[in-house]
Amino acid sequence: MGKELLHKAMLVTLVVVSLVLSPLAFAAEAPAPPAAYYGTVDLNGRPAPVGTVITAKIDGEVRGQITLSETGKYGSSSNPLIPKLIVNGTAADEGKLVTFEVDGVTAAETVIFKSGDVQEVNLTAVGVDAIPPTVSATDPIDGAAGVPVSGAIILTFSEDIIEGDAYDNVVVKDGNGDTVAVAKSISGNALTLAPETNLEYDTEYTVMVPAGAVKDMAGNLLENEYTFSFTTQAAPVGSGDSGGSSGDNGESSGSSGSSGGGSSGGGGGGGPTQERVRKTVRSRAATVAEMADLVRVEVPAGSVTGSNAAIVAEVVSDSKAKGAGMPLVSRVVDITVENGQVEGEITITLYYDKDRLGENQEAAVFYYNEGAQEWVRVEGTVDDSKGTVTVKVNHLTLFAVFAVDKVTFKDMENHWAAQTVAHLASMGVINGYPDGTFKPEDNITRAEAAAILMRGLKLDPGGEEELAIFRDAENIPVWARGAVAAVAREGLVKGYPQSDGSLTFEADKPISRAELAALMVRIVVKELGPVSGEAPTFADADEFPPWAEEAVAVAAKEGIVEGYPDGTFRAENTVTRAEAATMILRLLDLIYTESTTGV
């Protein structure tokens with residue numbers, strides 16, 4: 001009886017202590033990884049137009065929002081760099097219903113919130129459609145120069161359209177005000193104007209679509225007149241090649257006449273613009289290939305090798321950006337090397353049209369991954385005053401600037417890792433706290449690191465059976481269990497060996513620089529295969545744990561981790577959330593660049 005009373009007294013004491021400490025425990029609780037959704041979205045029986053806002057709610061409270069940048073679609077199942085609909089929640093939200101609204105209209109679909117969940121949710125919403133169609137894009141773009149004299153003019157609308165009352169008044173006029181004969185047709189959300197004969201060279205044309213010319217399927221007429229202008233290419237000279245000239249040094253520039261768009265960085269106008277540049281690479285000095293208001297390519301000495309190597313930048317058709325799922329705000333530029341190969345970093349500056357950015361959007365550079373047939377974001381520096389984004393790359397392909405949704409945290413303003421954190425947050429890889437902060441200087445725990453890497457690598461959450469290898473599995477937080485199980489299943493985490501032969505995970509323990517380096521190298525080897533090459537040395541290398549020596553060397557060689565200014569690495573130091581974000585973004589850039597381009 002005495003033991004039973006003592007046992008009950010201990011239970012009462014534990015309950016009282018837990019009630020007293022629970023507010024503190026809740027305040028210090030690590031944020032649960034958000035859920036991320038993607039899929040199609042129909043509004044009133046047709047694909048929702050660009051600009052449509054999808055809102056996710058839990059218990060009537062907004063927990064996530066995304067603006068459509070592609071008709072009828074949000075997020076991506078294959079490209080982690082295209083933002084998904086991120087829905088933030090806490091452990092208390094597990095199992096609750098997530099509801100969706102499409103431009104304020106409640107969708108028929110719902111899901112159960114599960115921390116770390118990534119799934120396809122195809123949304124349908126039916127409401128009263130009172131929104132008129134608008135022009136979302138034109139080809140050529142407004143102000144374009146060097147436009148081919150043959151080919152159709154296409155206006156893309158925010159939704160499917162049919163002929164309106166003023167359809168016959170849609171006209172194309174030349175610089176003298178004369179009407180150009182065109183054949184008009186509508187297919188889906190596109191109005192095509194096909195000139196019956198080739199346009200004149202070096203001539204400005206204006207397209208006028210009056211109010212009421214088209215209407216949507218609900219009968220809403222185009223509200224306002226829409227006009228835009230473009231200038232055709234200059235007449236071919238000589239043999240009629242690229243329009244440029246080349247000298248004995250192999251350098252050339254000129255209007256290629258191959259693009260259907262125009263300069264969006266403030267250029268354009270009434271005459272032909274330079275749309276191709278070729279510069280012979282100098283071996284002992286930097287080489288710069290530049291087209292005004294379009295692109296600047298800087299090649300440091302030694303970054304490109306080869307006999308008579310040349311750097312070439314050429315504007316190509318905006319149609320190359322179709323399928324990106326994001327609004328294009330620059331020209332698409334194809335950058336290549338002739339007679340050589342890239343051996344180091346090249347700096348690329350692209351100009352973009354600031355007027356095309358929405359209120360909650362920012363400019364970001366993407367490159368086109370030929371193997372995966374998708375656009376991949378590159379970390380860069382934005383100069384809002386000049387309308388430029390500058391990036392450093394070690395491979396060449398198509399580059400362009402797109403508008404992406406901003407993700408901000410109130411404690412990241414002017415922080416050195418602000419851009420990196422925003423980038424990863426927009427990808428749905430990391431998230432902040434319910435109070436709108438990121439807490440960049442807090443140490444990141446092993447559980448948090450596992451959750452971030454699961455999202456970044458697109459791993460499916462693991463099951464309870466995969467946690468059985470850890471003796472302390474019951475101590476892994478609910479929000480992290482699927483993530484820890486996933487990285488354990490993939491062999492990315494090993495656990496701490498104990499004297500009795502068991503393993504512990506120690507979820508709440510801050511991860512060290514050596515541990516994070518080892519985890520990332522396992523990912524590199526798994527995704528890309530064995531890594532070779534000379535690695536940098538650190539002044540404190542003799543202090544590394546034996547198990548971390550090779551991992552730190554490989555991670556440093558691949559540019560995932562860096563040392564301190566004094567030449568040390570400090571393997572046992574803990575990693576802050578900001579530092580972890582930086583390392584993880586470098587890792588993802590390495591994987592998604594090398595695994596698909598072979599660079």
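The values are calculated or read from the model by the stated rules, or taken from the named source; none is laboratory data. Source: prediction; values computed, not measured. Ideal geometry is used to build each Cβ from the backbone, glycine not excepted, and the neighbour counts take in all protein chains shown.
Taking region 208-250 as the range and being at pLDDT 50 or above, assigned to a loop (DSSP other than H, G, I, E, B), in contact with a strand residue (DSSP E or B) (Cβ under 9 Å, 6 or more places away or on another chain) and surrounded by 15 or more Cβ atoms within 10 Å (Cβ to Cβ) as the test, the residues that pass are Pro210, Ala211, Gly212, Ala213, Leu222, Gln233, Ala234.
Taking the listed residues Asp103, Asp117, Asp93, the one that is crowded, with 18+ Cβ neighbours inside 10 Å, charged (D, E, K, R), closer than 21 Å to Val404 by Cα and outside the structural domain of Leu221 (by TED's automatic domain parsing) is Asp103, with no other qualifying. Asp202 fulfils the conditions (1) free of Cβ contacts under 8 Å to residues at least 60 places away in the same chain; (2) of a type outside the set (A, V, I, L, M, F, W, C); (3) part of a loop (DSSP other than H, G, I, E, B) except for a single criterion, (1).
Set side by side, the residues Gly127, Gly143, Gly104 differ, and just one is at positive phi, in contact with a Gly (Cβ under 9 Å, 6 or more places away or on another chain) and in contact (Cβ under 8 Å) with a residue 60 or more places away in the chain, which is Gly143. Just a yes or no: is a residue in region 470-481 in contact with a Pro (Cβ under 7 Å, 6 or more places away or on another chain) and modelled with pLDDT under 90? Yes. Scan region 161-178 for residues that are in contact (Cβ under 8 Å) with a residue 40 or more places away in the chain, among the hydrophobic types (A, V, I, L, M, F, W, C) and either in the same structural domain as Leu294 (by TED's automatic domain parsing) or outside any loop (DSSP other than H, G, I, E, B) (or both) and the total you get is 2. Being modelled with pLDDT under 90, crowded, with 18+ Cβ neighbours inside 10 Å and in the same structural domain as Ala92 (by TED's automatic domain parsing) is a description that does not apply to Ser158.
So is Gly188 within 25 Å of Asp216 (Cβ to Cβ), not basic (Lys, Arg) and not assigned by TED's automatic domain parsing to the domain that holds Ile452 or not? So Gly188 fits the description; yes. Only one of the listed residues (Asp142, Asp174, Asp129) is out of contact with any Cys (no Cβ under 6 Å at 6 or more places or on another chain), acidic (Asp, Glu) and closer than 21 Å to Asp318 by Cα. That residue is Asp142. If you go through region 516-557 one residue at a time, how many are within 19 Å of Leu457 (Cα to Cα) and surrounded by 20 or more Cβ atoms within 10 Å (Cβ to Cβ)? Counting residues in region 516-557 that are within 19 Å of Leu457 (Cα to Cα) and surrounded by 20 or more Cβ atoms within 10 Å (Cβ to Cβ) gives 9.
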